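First comes the structure, then the notes that go with it.
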Amino acid sequence: MHLLENCNSECKEVAQKLKSSFYVDNCVTGVFSANEIEIFIEKTKLIMSEGCFNLRIFESNVASKSVDKHSGETFILGIIWDLDNDVLKCCTNFDSLTCEVKITKRLVLSTVQKVFDPIGMLAPSTLLPKLLLQEIWKMKIAWDQELPQNIVNKFMKWFNEIQILKGVSVPRCMKIDIFTELHVFVDASKGSYAGCVFARSIVDSRVSVILVRAKSRVAPLKLLSIPRLELMACCVGVRLVNSILKALNMPDLKVTLWSDSTTALWWIKEYGNWSVL
């Protein structure tokens, strides 16, 4: 960060982009045209070389002499990126399970952790095993103790269905402009609460709606009222949309937040002390 903040004036624009593009040792960003790729890569290498950072193995969905790979599939932050079709796919390479396999808490947890979904596109699919894990924790079952049959049946049903996700893909590119609107939907139930953000744009004189991000959470073990969980869902929704506005660097986009909880909405609009139960 010190290097990016103190680079020469000719590379300031690229350095500003890089500030929000590094994730551990990976740089993930984009440019607006194929002609910009060469200039961006050249300036990026120049900036980082000043601190002895050797950036290499550039991959893109567009061919360029500075790009090492522009076809086939690659991994980007744990997600499969199909460079030819420019879509993202879920990485769900599970080992097959048979009736002879002992289903334990350790196995359930390790299986769930294999579904890496930082954007939250698979939130509806990953919520069920989270609920199962919470149920298992309540039962105080040891890590390698075989689970009750009713839990095993639920887990195996989910495990067999999750294989369908191998064929699911979502567009990487999201066309937005200053007229794009973000719509945030939140909801809660006794066992969980969630939020999701959609971008509504006009593309080629047609309305386009695309899911941007989503997040689901299991309700705490401590029993809470539905209105309180609805309020927590509102909090998740606000955090999601704030992260999106920051990532897009478009703070002036119109944002509409939706909730069907009149109680939570009253709490949010109330300027006095909250009597949250």
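The values are calculated or read from the model by the stated rules, or taken from the named source; none is laboratory data. Since we're looking at a predicted model, the values are computed, not measured. Cβ sites come from the backbone with ideal geometry, for glycine too, and all protein chains shown count toward neighbours. To get the accessible areas, we keep the full protein, side chains included, count just its heavy atoms, and leave off ligands, DNA and RNA. Shrake-Rupley method; radii C 1.70, N 1.55, O 1.52, S 1.80 Å.
Quick notes on this structure:
- When nucleic acids and ligands are ignored and a 1.4 Å probe is applied, Leu248 ends up with an accessible area of around 50 Å².
- Relative contact order computed over segment 165-238 (Cα-Cα under 8 Å; 6+ residues apart), in percent: 33 percent
- Residue (of Leu245, Leu221, Ala233) at the positive-pole extreme of segment 210-259, dipole from beta-carbon charges: Leu221
- More than 25 Å apart - percent of Cα-Cα pairs taken over segment 1-150: 50 percent
- The portion of the accessible surface of the chain made up by carbon and sulfur, rounded to a whole percent, is 56 (1.4 Å probe; DNA, RNA and ligands excluded).
- Going by accessible surface with a 1.4 Å probe and the largest first, Tyr23, Tyr193 read Tyr23, Tyr193.
- Ranking of Arg200, Arg213 by solvent-accessible surface, largest first: Arg200, Arg213 (1.4 Å probe, protein heavy atoms only, all chains present).
- Loop-located trypsin sites (Lys or Arg not before Pro) in segment 222-271 whose Cβ has at most 16 other Cβ within 10 Å (DSSP): Lys222
- Largest-first principal axis extents of the Cα set of the chain (Å): 61, 57, 43
- Measuring r between the beta carbons of Lys175 and Leu109 and using R0 = 45 Å, the FRET efficiency lands at 0.70.
- Within the same chain, lysines fewer than 8 places from Lys43 are excluded, and of the rest, those with a Cα less than 27 Å from its Cα are Lys12, Lys17, Lys19, Lys65, Lys69, Lys175, Lys246.
- The value of relative contact order for the chain, using C-alpha pairs under 8 Å at least six residues apart, is 13 percent.
- Computed over segment 16-69, relative contact order equals 23 percent, with contacts defined as Cα pairs under 8 Å that lie 6+ residues apart.
- The trypsin sites (Lys or Arg not before Pro) found in segment 155-191 that occupy coil by DSSP, while having at most 15 further C-beta atoms within 10 Å, are Lys175, Lys190.
- Rounded accessible area per residue of the chain, 1.4 Å, Å²: 63 Å²
- Working from the Cα coordinates of segment 151-235, the gyration tensor eigenvalues give, after taking √(5λ), semi-axes of 31, 22, 7 Å in decreasing order.
- Degrees between helix 226-248 axis and first principal axis of the chain (Cα, 0 to 90, nearest 10): 10 degrees
- Whether segment 77-185 is rounded, prolate or oblate, judged on the alpha carbon gyration tensor where a/c under 1.5 counts as rounded: prolate
- Taking the longest Cα principal axis of the chain as reference, the axis of helix 35-49 is set at about 80 degrees.
- Listed by chain and number, the lysines whose alpha-carbon sits under 19 Å from that of Lys222, ignoring those within fewer than 8 places in the same chain, are Lys130, Lys138, Lys140, Lys190.
- Cα-based radius of gyration for segment 124-277, normalised by 2.2 N^0.38 Å, reads 1.28.
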